[in-house]
Amino acid sequence: MTQDEKISEENNLNRRNFLAIGTWAIGGFIGLAMTIPAIAYLIGPALKRDEEQDWIRLGSTSKVELGTPTLFKVKVQRQTGWIENEEEVSVYVLTDNGRDYIGMSNICTHLGCRVRWITDQEQFFCPCHNAVFGKQGEVITGPPPRPLDQYEIKVEDDQLYILVG
């Protein structure tokens with residue numbers, strides 16, 4: 001093999017290597033360009049943090065009687081991954097002075113039954129196991145392990161809003 005033939009053969013190998021590397025690089029780039037968005041689409045909702053909390057309007061502050069819990073019901077859209085659900089949230093709102101408001105869930109903390117306000121006894125009553133809660137949601141009697149859950153409330157332009165997360 002002459003010197004020229006060796007140089008020619010090295011150039012061919014270099015060209016072959018270059019074309020092989022180029023083909024793999026382009027194929028890899030196309031593969032990544034298709035795979036990354038697909039993975040993001042598939043696992044994106046699972047990685048999405050639940051920091052999206054929304055203020056939901058309940059209604060006018062004039063509907064709340066002083067010293068008496070008033071029940072408000074609102075529909076809330078919740079999304080878990082690709083599943084979107086509409087659920088009804090019921091909130092008792094209490095104020096003693098017309099400025100400071102307390103929002104309490106109407107769900108018993110024992111078994112999840114719905115509590116109701118008994119006006120003449122000034123207590124919340126849960127029919128599941130005869131649990132009784134005070135006006136502020138504190139446990140008076142029965143098996144519930146803790147007071148009624150509370151919602152953060154704000155007032156803007158005489159409208160009540162609760163923070164739902």
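Please report the relative contact order for the chain, taking Cα pairs under 8 Å with a sequence separation of at least 6, and give it as a percent rounded to a whole number.
19
Can you list residues whose amide H is under 5 Å from L58's amide H, if they're 5+ apart or on another chain and H is modeled 1.01 Å from N?
L160, Y161, I162
Take the alpha carbon gyration tensor of region 70-150, find the square roots of its eigenvalues, order them as a ≥ b ≥ c, and report rounded if a/c is under 1.5; if not, report prolate when a/b exceeds b/c, else oblate.
oblate
Once amide H atoms are placed 1.01 Å from N in the peptide plane, what residues at a sequence separation of 5 or more from Q123, or on another chain, have their amide H within under 5 Å of its amide H?
Amide H neighbours of Q123: I118.
At 1.4 Å probe size, what's the solvent-accessible area of S62? Round to the nearest 10 Å².
Near enough 100 Å² of accessible area.
In whole angstrom, how far apart do the alpha carbon centroids of region 60-83 and region 90-165 sit?
So the two Cα centres are separated by 12 Å.
How much accessible area per residue does region 42-165 have, in Å², with a 1.4 Å probe?
62
For Rg/Rh (Cα atoms, Kirkwood Rh), one of [x] 0.93; [y] 0.98; [z] 1.53 was computed from the structure I shared and the rest are decoys. Which label?
[z]
With unit charges on the beta carbons (Lys and Arg positive, Asp and Glu negative) and the dipole taken about the Cα centre of region 7-165, which residue among I30, L58, C126 sits farthest to the positive side?
Result: I30.
Can you sort T119, T109 by solvent-accessible area, 1.4 Å probe, largest first?
T119, T109
I want to check the label-to-label distance for W82 and K63. Put each point 7 Å from Cα in the C-beta direction and report it in nm to one decimal.
Going from the W82 label point to the K63 one covers 3.6 nm.
Which value, in debye to the nearest 20, describes the size of the charge dipole of the chain about its Cα centre when Lys and Arg Cβ atoms bear +1, Asp and Glu Cβ atoms bear -1, and nothing else is charged?
300
Roughly how many nanometres apart are two label points built 7 Å out from the Cα toward the Cβ at T35 and I140?
Going by the 7 Å Cα→Cβ label model, 6.5 nm.
With axes computed from alpha carbons, what is the tilt in degrees of helix 3-47 against the longest principal axis of the chain, rounded to the nearest 10 within 0 to 90?
Once rounded, one gets 10 degrees.
Got a sec to turn the phi values of region 123-136 into Karplus ³J(HN,Hα) couplings, 6.51 cos²θ - 1.76 cosθ + 1.60 with θ = phi - 60°, whole Hz, x for Gly and Pro?
Rounded to whole hertz, the list is 8, 8, 10, 10, x, 5, 9, 6, 6, 10, 10, x, 4, 8.
With r as the distance between the Cβ atoms of L71 and F125 and R0 = 22 Å, compute the FRET efficiency 1/(1 + (r/R0)^6) and round to 0.05.
That gives a FRET efficiency of 0.95.
For the chain, modelled as a Gaussian network with Cα springs under 10 Å, which listed residue fluctuates most, P69, P147, P45?
Result: P45 has the largest fluctuation of those listed.
Round to the nearest 0.05 the FRET efficiency obtained for L163 and I43 when R0 = 35 Å and r is the Cβ-Cβ distance.
The value I calculate is 0.80.
If I compute solvent accessible area with a 1.4 Å probe over the protein chains, what percent of it on the chain is carbon and sulfur?
With neighbouring chains kept in place, the figure for the chain is 53 percent.
The values are calculated or read from the model by the stated rules, or taken from the named source; none is laboratory data. None of these values were measured; they are calculated from a predicted model. A quick note on method: Cβ atoms are made from the backbone with ideal geometry, for glycine too, and the neighbour counts reach across all protein chains shown. Surface accessibility is based on the protein's heavy atoms, side chains included, excluding ligands, DNA and RNA. Shrake-Rupley method; radii C 1.70, N 1.55, O 1.52, S 1.80 Å.
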